[in-house]
Every structure is written in C-alpha cells, then in structure tokens.
Amino acid sequence: MIDLFINGQAVQAEENQTVMQAARANGVFIPYFCWHPKLSVPGNCRICMVEVASEGQAEGEGWLDIACNMPVTRGMRVFTDSARVRARRKETLQFITLNHPVDCGICDKAGECTLQDYHYEYNGSPSVSLEPKVHATKHFALSERIVLDNERCILCTRCVRFTHEVSKTFSLGVQNRGDHSLIRPVEDGAFERDPYSDNVIDLCPVGALLSRPFLHRARVWYLQATPSVCPGCERGCNIDIWHRKSEWRLKALDAKQNARIDRVTPRDNPQVNGPWICNKGRDLAQVFERARAEQALCKGQATDVQDALDRARVLIQAARRPVALVSSWASNEELAAFRATLAPRFDCFVKADHQPAPDELLQDDLLIRPDKNPNTAGAVALAAPLPADARQAFASDCDLVLVWGEGFSFAQLPPQARIIYLNSWLQPENGHADVFLPISVMTERRGHYTNFQGVVSAFEAGFKKPAGVQDAETLFAALFADPGAAP
Ligand code: SF4
Ligand code: SF4
Ligand code: FES
C-alpha cells in the first residue's frame with residue numbers, strides 16, 4: 001500500500017492506482033467527464049484537475065494536474081478543492097461551454113447532467129466569449145434508437161471508446177478537428193447493429209446522446225426507479241425500471257401513462273452485468289405492456305376466481321397421472337411455494353417460456369446468453385428440463401397437465417388430458433384450457449431470480465396488479481387447500 005495525503009488527511013492507496021481511484025476509494029469526490037471506471041483514460045476533459053504539493057509545500061504552492069491519469073506516489077499531497085483547483089475548473093467549464101447551446105430547458109438530460117451540476121458548483125457565470133457560438137448538427141439520427149445533438153457534445157469520447165473497448169463494434173468515431181469535430185457512426189451501419197448501443201446514452205455525461213423512444217417523454221424528476229432484473233435472458237442483468245412517481249401522476253390522460261415503463265437503465269452489479277445491459281433489456285416495455293389476461297375462464301367462459309379454483313381442485317384430486325410444466329420466468333419464491341404445495345402431486349418439468357426471436361442475437365462474449373429465460377437455473381433445482389420432444393414428458397395415461405406461464409404449444413399436449421393454465425397474457429390458449437387463471441407478472445411483485453452462474457438477484461414491485469389477477473403463490477396455496485377455501 002502507498003501512504004499519501006488527500007486534503008490533509010492521511011490515506012492509503014494500492015500500488016498502480018491513480019489519484020482519482022485513490023480519492024474515490026477514500027470517499028473523496030473529484031469531478032469528471034471523460035473518465036469512466038470501465039473505460040480507458042484519455043484525459044481530455046481536464047475537469048478532474050487537482051493540486052499536488054511536494055513535501056514542505058503548502059496548499060496553493062503545488063502544481064495542477066489531472067487526477068484521472070496521475071499515479072499515486074508515496075507521500076504525495078493532493079488538494080482536490082483548493083482555490084486554484086476551483087479557479088481552473090471554472091476556466092475549464094467556460095472553455096467547454098464556449099459553443100455549448102446551454103439549452104437545458106428543453107434537454108432530456110436535465111436533472112442528470114453533470115455539465116449542469118459542475119456549472120453550478122464551479123462556474124455559474126455567463127459565457128465569456130464575445131464571438132458568436134459555432135453551430136453544429138442539432139438533431140442527428142445516430143441510429144434508429146439514438147439521436148445526437150452535436151452542439152451539446154463536449155467530445156469526451158466516452159461513446160467512441162465504449163464501441164471500441166466494450167461492445168467491440170468500433171462503430172463510432174470523431175470526424176474533423178477543433179470546433180468542427182463531430183461524433184459520427186462508421187458508414188457500414190455497425191452502430192445500428194450494435195446490440196449494446198444504448199449504453200452510450202447513459203455514458204454521455206451531457207444531453208448529446210438521447211434515447212429516441214424516451215425523447216421528451218418525461219422529466220426525470222417525475223420518475224422513480226424500481227430495482228429489478230431483466231428477464232430477457234439467463235444473465236439476469238440488474239436494472240432499474242423507471243415509471244411515474246405517484247405524486248406526479250398525470251391527470252385527465254390515459255391512465256396507462258401513469259403505469260407504464262418509461263425507460264430501463266442498468267443497475268451496476270459487478271457479479272452479473274457491471275454497468276451495462278443490452279438493448280433488449282431497454283425494450284422491456286414491449287414485453288410487459290402486451291395485452292393482459294385479467295379474467296378467470298372455464299372452457300373459455302368467464303367465471304370468478306373462486307369457481308375456477310374449485311374446478312381446478314376437482315381436476316387435481318381426480319387426476320391419476322398429472323404433469324406440471326413449470327415456468328422458467330417464475331421467481332424463486334414462487335417455485336418454493338409450488339414445491340411446498342402442488343409439486344409432489346405432479347410429474348414436473350421445466351419449460352422455456354421464451355425462445356429466441358428469429359432475428360435475435362443468440363449469444364456473445366459480453367452479456368447475451370442463449371437461454372432467453374431469467375430463472376431456468378432456479379427452476380431446474382425443482383424439476384428436470386422438459387425433453388426436446390415434449391411428448392416424451394407425457395405418459396400414455398396422462399390425464400391432466402398444469403401449464404404455468406406462456407410459450408408452450410397446446411398442440412403438443414396429450415389429447416385426452418385436461419388442462420389447467422396459469423398465464424398473464426391475453427392469448428388464444430387461455431380459452432382452450434379447462435381452467436384458466438390469470439397471474440401477476442414480475443413487475444407487480446417482489447422476488448428473486450438465480451442466473452446461469454448461480455448469482456441471485458432481487459426485483460421489487462413497481463406496478464399494481466390488475467383487478468382479477470393473483471400472484472401464482474396465492475393460487476398454489478389455494479389449490480392445495482381444502483375445497484371451498486378462498487384465494
Ligand atoms: S456524444 Fe456524449 S459521450 Fe459522446 S463524445 Fe460527445 S459528450 Fe462524450
Ligand atoms: S443480456 Fe440478457 S439479461 Fe442482460 S439486458 Fe440483455 S437480455 Fe436482459
Ligand atoms: S476526467 Fe480527467 S481529464 Fe477528463
């Protein structure tokens with residue numbers, strides 16, 4: 001370890017750490033734009049300037065240098081917030097904003113923009129330039145998913161480095177020189193095809209890179225983030241699902257606008273996904289905002305949940321060779337509830353609720369996994385996977401199948417078997433089941449998923465269940481209970 005002083009406090013740092021890393025490890029904040037813990041260090045924005053004094057020198061007598069690229073040395077004395085440091089940061093910000101439009105009032109990044117934060121912390125003065133600002137492209141379609149405002153870009157190159165160092169598509173670069181510099185995609189369309197492209201939106205420290213689906217959709221201070229897990233594949237990336245705060249509910253508009261997924265961002269978990277997710281994880285609204293099943297059915301006829309449960313109980317009690325197809329989207333808590341109630345009564349197999357879409361990337365070396373279900377690992381601890389030929393799971397005298405979750409073709413069921421179906425979505429199969437019971441989705445309840453590496457991640461409820469919908473755990477307990485018991 002190396003002993004040094006930061007703002008007069010004796011601290012320790014590891015060999016090869018930079019001053020930025022040592023300061024952060026010791027709880028001292030140094031501002032940064034271009035630096036990122038998972039990217040290379042270009043040292044181009046200069047906002048992380050600190051003062052370093054030699055032995056015997058006091059604060060104000062040292063030299064100025066950037067913390068992100070300066071290795072710690074034994075006995076060094078670092079001042080992160082001296083008068084000279086603050087003056088240099090002010091000059092740096094005045095330079096960075098020379099041609100910046102300062103259009104924060106219409107910028108989606110407002111509320112999350114570090115340029116705004118540092119301006120108020122270190123600058124706060126109007127532009128010092130007497131020249132007209134150099135204009136650049138205001139609305140450049142970087143891809144189908146991302147819009148670029150070149151006037152707001154501070155050329156930190158985080159986005160460029162991400163495509164070179166993380167997603168490895170080498171799909172962004174800097175065109176031209178000086179105040180004519182522009183971030184641009186390479187011409188072969190590689191950025192459009194980059195499955196991780198939306199991470200540059202989070203990486204951009206200013207409002208230059210914005211999500212097209214989220215553009216002007218909501219001010220971030222009207223939203224709250226619910227911790228969750230992406231169910232898009234067995235990686236189980238940790239995410240935040242952003243939705244409207246209850247105190248900022250919109251009035252006199254479609255009620256769904258207050259209960260929709262406004263955006264999805266990564267939640268850093270070094271064991272699972274680090275600070276990244278793939279674009280599929282950003283598009284979870286397309287999964288969760290499909291038409292919901294909210295009505296219990298018996299042979300396609302609407303009934304109440306109690307009647308459907310009574311009929312399902314009769315079917316379970318009468319069955320001689322019942323089979324259960326267990327959902328790979330079920331939480332560990334739901335699986336435990338199933339194990340404690342119905343599982344001993346059934347031959348159980350785990351099915352894949354979701355298959356890869358025809359044009360979907362199956363897997364890569366970064367995050368994307370071939371199994372497009374979040375909790376296969378948790379489910380196979382309860383039961384064997386369904387054979388590739390599903391008919392092998394059904395004995396010739398199988399007389400009842402409980403299907404839990406979507407994705408199983410009823411054409412593969414034994415023709416003589418009765419069907420109990422638990423699902424969340426409005427689908428034709430619901431009406432073909434002898435008993436259909438609507439169940440909640442993961443964004444409406446809390447629970448845990450186990451990913452393919454055995455790492456368990458928690459998710460919380462961000463939305464209310466629709467009326468008529470129950471948690472699967474509640475239904476299992478009711479199906480296991482004596483006839484006539486309430487759900
Ligand atoms: S677009 Fe954003 S991330 Fe990319 S160089 Fe400009 S400021 Fe940095
Ligand atoms: S890699 Fe898998 S779990 Fe992670 S965001 Fe993409 S689809 Fe979701
Ligand atoms: S953060 Fe150090 S130079 Fe940009």
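The values are calculated or read from the model by the stated rules, or taken from the named source; none is laboratory data. All values derive from a computational prediction rather than experimental measurement. Cβ coordinates were reconstructed from backbone atoms using ideal geometry, including for glycine residues, and neighbour counts include every protein chain displayed.
Based on this model, can you work out whether GLY207 counts as away from ligand 1 (no atom under 13 Å from the Cβ) and part of a loop (DSSP other than H, G, I, E, B)?
Working: away from ligand 1 (no atom under 13 Å from the Cβ): no; part of a loop (DSSP other than H, G, I, E, B): yes.
Spelling it out, it is not the case that GLY207 is away from ligand 1 (no atom under 13 Å from the Cβ) and part of a loop (DSSP other than H, G, I, E, B).
Part of a helix (DSSP H, G or I), away from ligand 2 (no atom under 16 Å from the Cβ) and at pLDDT below 95: does that describe ASP179? Reasoning before the result, please.
Details: part of a helix (DSSP H, G or I): yes; away from ligand 2 (no atom under 16 Å from the Cβ): yes; at pLDDT below 95: yes.
The answer is yes for ASP179.
Report the residue count in the stretch 83-96 for those that are surrounded by 20 or more Cβ atoms within 10 Å (Cβ to Cβ) and of a type outside the set (Val, Ile, Thr). Walk me through how you get there before you give the answer.
Within the stretch 83-96, the subset surrounded by 20 or more Cβ atoms within 10 Å (Cβ to Cβ) is 85, 89, 92-93, 96.
Next cut, of a type outside the set (Val, Ile, Thr) only: 89, 93.
Selection size over the stretch 83-96: 2.
Condition (residue is in contact with a Leu (Cβ under 7 Å, 6 or more places away or on another chain) and surrounded by fewer than 20 Cβ atoms within 10 Å (Cβ to Cβ)) applied to the stretch 260-282: is it met by at least one residue?
Yes, the conditions are met somewhere in the stretch 260-282.
Go through PRO205, PRO231 for me and flag whichever is within 16 Å of ligand 2 (Cβ to nearest atom) and in contact (Cβ under 8 Å) with a residue 12 or more places away in the chain.
Details: PRO205 fails: within 16 Å of ligand 2 (Cβ to nearest atom).
From the options PRO205, PRO231, the qualifying one is PRO231.
Taking VAL28 as the residue in question, decide whether it is part of a loop (DSSP other than H, G, I, E, B), buried (at least 19 other Cβ atoms within 10 Å of the Cβ), on the phi < 0 side of the Ramachandran plot and more than 16 Å from ligand 2 (Cβ to nearest atom).
Numbers: part of a loop (DSSP other than H, G, I, E, B): yes; buried (at least 19 other Cβ atoms within 10 Å of the Cβ): yes; on the phi < 0 side of the Ramachandran plot: yes; more than 16 Å from ligand 2 (Cβ to nearest atom): yes.
Criteria met by VAL28.
Of the residues that sit in the stretch 313-327 and are under 13 Å from ALA472 (Cβ atoms) and small (Gly, Ala, Ser), which one is surrounded by the fewest Cβ atoms within 10 Å (Cβ to Cβ)?
ALA324
On the basis of being within 19 Å of ARG158 (Cα to Cα) and in contact with a helix residue (DSSP H, G or I) (Cβ under 6 Å, 6 or more places away or on another chain), does GLY43 make the cut? Steps first, please.
Values: within 19 Å of ARG158 (Cα to Cα): yes; in contact with a helix residue (DSSP H, G or I) (Cβ under 6 Å, 6 or more places away or on another chain): yes.
Here the answer is yes, as GLY43 does meet what is asked.
Restrict the check to the stretch 130-141 and report whether at least one residue is under 26 Å from the mean Cα position of the chain (by Cα) and modelled with pLDDT of 95 or more.
Yes, the stretch 130-141 contains at least one residue that is under 26 Å from the mean Cα position of the chain (by Cα) and modelled with pLDDT of 95 or more.
Can ALA252 be described as part of a strand (DSSP E or B) and not charged (D, E, K, R)? Outline the logic, then answer.
Numbers: part of a strand (DSSP E or B): no; not charged (D, E, K, R): yes.
No; evaluated as a whole, the condition is false for this residue.
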